[in-house]
Amino acid sequence: MDKNTPKSAFGKWIAPINTKKLFNQVKNLNQDSYTKKLTTEAYIKLMLYAQVHETEGLQALSDALLDADFQKAVGFESISASQLSRKNKEIDPSILATLFSDLVQQIRGYHNKAYKNLPLKIIDSSTLPLNLTNYKWAKFRKTKAGVKLHLRLVFMDKDTVYPEKAEITVAKEHDRNQLEVLVDDKEAMYVFDRGYVDYERFDRMTDEGYFFASRIKKNAVIREVCSFSVPAESSVLSDRMVYIGSTQNRCENVFRLLEVMDTKGNILRLITNRFDLEPQEISDIYRSRWAIELFFKWLKQHVEIKHFYGMSETALQNQIYIALITYCLHVLIQLERKSKKSLLRITRWLKAALWKPAYIWLHRFENKTVP
């Protein structure tokens with residue numbers, strides 16, 4: 001990019017957002033019909049800025065507009081916290097969900113690294129605690145409230161993972177209820193934990209051609225059909241073909257059950273319907289689950305979902321989608337620059353160079369100093 005370009009680092013970072021598609025969706029939903037100032041596009045820019053700076057509240061975001069460069073980016077000089085609050089609960093979450101999906105498609109275009117020709121997709125959920133006094137609609141225990149983010153994460157490699165599909169529910173929603181929503185691609189290998197164990201669904205997934213690996217509950221009833229040899233000095237302790245479940249409640253299909261030792265010396269029992277992989281490959285596939293745990297940790301620590309800007313379900317969903325969009329924009333610049341720099345470093349550089357010419361930010365990816 002040439003040094004004379006007027007585009008800022010912020011402008012470069014948000015460039016993947018398809019503003020034409022956004023405008024058409026906003027128009028179809030009559031979202032900005034009576035809006036002269038705080039359009040949906042301006043709202044998104046404001047909220048993305050808030051994510052980068054981890055702004056704690058809407059008043060702080062309003063105050064940040066004292067910056068002339070920020071004013072230029074959004075197209076106005078000031079906005080009140082009350083106006084931001086109204087917009088936050090008026091925006092249809094489907095707009096941001098579509099924007100998130102569009103960015104995911106762009107990430108796929110860069111890279112679709114497969115494991116044995118099947119992309120590795122990790123499913124898990126994380127509960128975001130809320131104050132019961134302010135979020136009565138999200139009550140799930142006597143004294144607690146919360147929402148649950150159910151997520152499907154694509155594992156490219158240890159350096160690059162990205163969220164592919166998200167469902168936001170109240171915290172009392174059981175993980176198993178979302179499994180069929182998140183499993184919709186037969187050209188993939190799914191990985192999930194014991195919270196999703198459901199024998200009937202395992203049978204259905206197998207019959208329909210979906211592949212998976214999961215931990216199985218400790219009290220699961222096992223009937224061995226046969227056993228396979230395992231490599232010596234391997235972390236895999238046993239490899240068997242089994243039926244799972246009791247006589248009254250069991251799977252109709254046979255599955256593969258492996259006992260493996262994790263890095264802490266704990267023995268894990270893994271169930272899968274893949275018989276074509278080596279035992280160590282199954283173990284390595286399940287071990288990749290750490291990626292989604294790191295993702296949730298990153299999301300809670302480095303984007304602004306610790307402090308929600310609104311108390312309505314709509315406002316909360318919008319903020320979660322903005323956080324996911326923020327992550328995707330980081331991944332896209334990482335892929336574009338073919339960089340192995342961590343997303344945390346990329347975010348810090350962006351924050352420091354937000355209104356500077358984009359080339360100053362981009363030089364960082366190449367370990368160059370700006371003359």
Every residue from segment 117-164 that is within 27 Å of SER339 (Cβ to Cβ) and open to solvent by 50 Å² or more (accessible area, probe 1.4 Å): ASN117, LYS158, ASP159
Positions within segment 218-244 being modelled with pLDDT under 95 and in contact with a Pro (Cβ under 6 Å, 6 or more places away or on another chain), in sequence order: VAL230, VAL236
In segment 105-131, what residues are at pLDDT 90 or above and not in a strand (DSSP E or B)? GLN105, GLN106, ILE107
Which residues, taken from segment 9-46, are at pLDDT 95 or above and among the small types (Gly, Ala, Ser)? ALA9, GLY11, ALA15, ALA42
Take LEU354 and tell me if it is farther than 30 Å from TYR199 by Cα and in a helix (DSSP H, G or I). no
Hey, any hits in segment 191-200 for a residue that's within 16 Å of the chain's Cα centre (by Cα) and either more than 17 Å from THR272 (Cα to Cα) or β-branched (Val, Ile, Thr) (or both)? yes
Scan of segment 278-317 for residues that are surrounded by 18 or more Cβ atoms within 10 Å (Cβ to Cβ) and among the small types (Gly, Ala, Ser), ordered by number: SER283, SER288, ALA291, GLY310, ALA315
How many residues of segment 270-291 are of a type outside the set (S, T, N, Q), touching a Ser or Thr at 6+ places or on another chain (Cβ under 9 Å) and under 26 Å from LEU151 (Cα atoms)? The answer is 6
Run THR206 past the list (1) open to solvent by 30 Å² or more (accessible area, probe 1.4 Å); (2) of a type in the set (Val, Ile, Thr); (3) under 18 Å from LYS121 (Cβ atoms); (4) in a strand (DSSP E or B) and report the number of the one that doesn't hold. (4)
Tally, over segment 138-184, of residues that are among the basic types (Lys, Arg) and not in a strand (DSSP E or B): 6
Residue count, segment 209-262, condition in contact with a Ser or Thr (Cβ under 6 Å, 6 or more places away or on another chain) and assigned to a strand (DSSP E or B), comes to 7
Looking at ASP63, ASP69 in this structure, which one is over 25 Å from LEU335 (Cβ atoms) and touching a strand residue (DSSP E or B) at 6+ places or on another chain (Cβ under 9 Å)? ASP69
Subset of segment 181-200 [farther than 17 Å from SER246 by Cβ and either open to solvent by 40 Å² or more (accessible area, probe 1.4 Å) or charged (D, E, K, R) (or both)]: VAL181, ASP184, ASP185, LYS186, GLU187, ASP193, ARG194
Out of all the residues in segment 185-203, which are part of a loop (DSSP other than H, G, I, E, B) and within 15 Å of VAL254 (Cα to Cα)? ASP198
In segment 48-55, is there at least one residue being under 22 Å from GLU336 (Cα atoms) and assigned to a loop (DSSP other than H, G, I, E, B)? no
Restricting attention to segment 311-341, which residues are closer than 23 Å to LEU132 by Cα and not in a helix (DSSP H, G or I)? MET311, SER312
Check off (1) modelled with pLDDT of 90 or more; (2) closer than 22 Å to ARG108 by Cα; (3) under 15 Å from the mean Cα position of the chain (by Cα) for TYR210 and give me the number that stays unchecked. (3)
Taking segment 338-356 on its own, how many of its residues are on the phi < 0 side of the Ramachandran plot and open to solvent by 70 Å² or more (accessible area, probe 1.4 Å)? 6
Residue tally, condition in contact (Cβ under 8 Å) with a residue 12 or more places away in the chain, within 23 Å of ALA358 (Cβ to Cβ) and open to solvent by 50 Å² or more (accessible area, probe 1.4 Å), over segment 58-97: 3
For PHE275, are the conditions met, namely being crowded, with 20+ Cβ neighbours inside 10 Å and assigned to a loop (DSSP other than H, G, I, E, B)? no
MET261 is checked against (1) over 25 Å from ALA188 (Cα atoms); (2) in contact with a Pro (Cβ under 6 Å, 6 or more places away or on another chain) and fails just one. What number does that condition carry? (2)
Condition check for LEU29: of a type outside the set (Lys, Arg), open to solvent by 20 Å² or more (accessible area, probe 1.4 Å) and more than 20 Å from GLU77 (Cα to Cα): yes
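The values are calculated or read from the model by the stated rules, or taken from the named source; none is laboratory data. Predicted model only: the values in this text are computed from it and were never measured. Heads up, the Cβs are rebuilt from the backbone with ideal geometry, glycines too, and the neighbour counts pull from every protein chain shown. These area figures cover heavy atoms from the full protein model, side chains too; ligands, DNA and RNA do not enter into them. Shrake-Rupley method; radii C 1.70, N 1.55, O 1.52, S 1.80 Å.
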